[in-house]
1. With respect to residue 180, determine if the residue is of a type outside the set (A, V, I, L, M), at pLDDT 95 or above, surrounded by 13 or more Cβ atoms within 10 Å (Cβ to Cβ) and closer than 23 Å to residue 40 by Cβ.
2. Among the strands (runs of 3 or more DSSP E) contained in the stretch 96-214, which hold 3 or more residues that are more than 25 Å from residue 83 (Cβ to Cβ)?
3. Among the residues of the stretch 194-228, count how many are within 18 Å of residue 140 (Cβ to Cβ) and either under 25 Å from the mean Cα position of the chain (by Cα) or of a type in the set (A, V, I, L, M, F, W, C) (or both).
4. Using beta carbons and a limit of 6 Å, which pairs, at least six apart or on different chains, have the first residue in the stretch 116-139 and among the charged types (D, E, K, R) and the second one crowded, with 24+ Cβ neighbours inside 10 Å?
5. Could you check the stretch 138-187 and list, in sequence order, the residues that are under 19 Å from residue 126 (Cβ atoms) and of a type in the set (D, E, K, R)?
6. Are any of the residues in the stretch 293-303 surrounded by fewer than 16 Cβ atoms within 10 Å (Cβ to Cβ), of a type in the set (A, V, I, L, M, F, W, C) and either not in a helix (DSSP H, G or I) or not assigned by TED's automatic domain parsing to the domain that holds residue 65 (or both)?
7. Answer yes if at least one residue in the stretch 258-281 is more than 19 Å from residue 154 (Cβ to Cβ), small (Gly, Ala, Ser) and without any contact (Cβ under 8 Å) to a residue 60 or more places away in the chain, and no otherwise.
8. Residues 93, 135, 150: which one is modelled with pLDDT under 95 and buried (at least 21 other Cβ atoms within 10 Å of the Cβ)?
Amino acid sequence: MKAVLMDEFGGAEVMKVGEIEKPQPKANEVLIKVVATSINRPDLVQRMGNYPPPPGDSKILGLEVSGTVAEIGSEVTTWQVGDRVMALVGGGGYAEYALAYGNHLMPIPESMSFEEAACVNESYITAFLNVFMIGGLEDGQTAILHGGGGGVNTAAVQLAKALTPDTKLIVTAHPDKMERVKKLGVDLVIDFTTTPDFADTVKEYTSKKGVDLILDHVGAKYLKPNMNSLGYKGRLVVIGVISGIKAELNLALMMVKRQQIIGSVLRSRPVAEKGEIIAEFTRRALPKFADRSIVPIIEKVFPLDEVVEAHRMMEGDKHFGKIVLKIADA
């Protein structure tokens, strides 16, 4: 089968399309004939050698796929060959065939294209897990979602608008993306280039109350303004550390305000736990995709042989929403 291969770690140029043996499903796995996958920030980190796949998962890049069921392991009873599915995978998405655990698949609603379905499992499930299942966002609360225009950010905004429509959303964004962020229905957009310490702006907007939840992928640089922006019993969920891993924390203030700091990753969670998360997402969020309340935002669809260009688009932060890699025709 065709797949994106690497002989070494490094820049986008280390990737090339080559031939590799098609994987065979184990008893609890499904083999998917991939139609599309998407580019996610962790793919770039893995390409550089800093984000190895969990033991036993494919070393090929790619964390989510859409396609059709090609083969079924002996213990899988919920899927049939030919089913249209989308799946969360530990690796292997940049290939003509990919393996997924039987409980890590979701049906693709009839209203969705394969390209749209390729955007769901990594970004939307990450957003759903951390905003709702871990962050506990409730209708009528206020949240800060950093990284306006990114895949997880746009997913979080869309999910919050669909599942908790009375939530107030504050998003930090680059000025080039602020107008598009506003069109998603965000209540306040902050230019992070001119307002790196956004706490005063947040306090003014919330009448000094602060926010209930912050979803952050920035890390060290934002710890102080994040904590100053949190209100009483507020939760900071950290899902990335692009600005660094160490920062000072005012423990006394955190204790008095009864705040929580929660670290979270999706990829390294146990198989059964991921299955539980996907089941909850299927129950609560997937109907919103089926009725088109949520439509994945796709910046561009690249063919497989343009994977280098697709990575360079993400590296240049030139996208809004998702970048899709088309593997084959439906």
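1. Yes, satisfied.
2. Once the strands (runs of 3 or more DSSP E) in the stretch 96-214 are filtered for at least 3 residues that are more than 25 Å from residue 83 (Cβ to Cβ), what remains is 142-145, 168-173, 188-191.
3. Counting residues in the stretch 194-228 that are within 18 Å of residue 140 (Cβ to Cβ) and either under 25 Å from the mean Cα position of the chain (by Cα) or of a type in the set (A, V, I, L, M, F, W, C) (or both) gives 6.
4. Pairs found: 122/40; 122/63; 122/64.
5. 161
6. So far as the stretch 293-303 goes, yes, one or more of its residues are surrounded by fewer than 16 Cβ atoms within 10 Å (Cβ to Cβ), of a type in the set (A, V, I, L, M, F, W, C) and either not in a helix (DSSP H, G or I) or not assigned by TED's automatic domain parsing to the domain that holds residue 65 (or both).
7. yes
8. 150
The values are calculated or read from the model by the stated rules, or taken from the named source; none is laboratory data. Remember, predicted model here, so these are calculated numbers, not experimental data. All Cβ positions, even for glycine, are placed from backbone atoms using ideal geometry, and neighbour counts span all protein chains on display.
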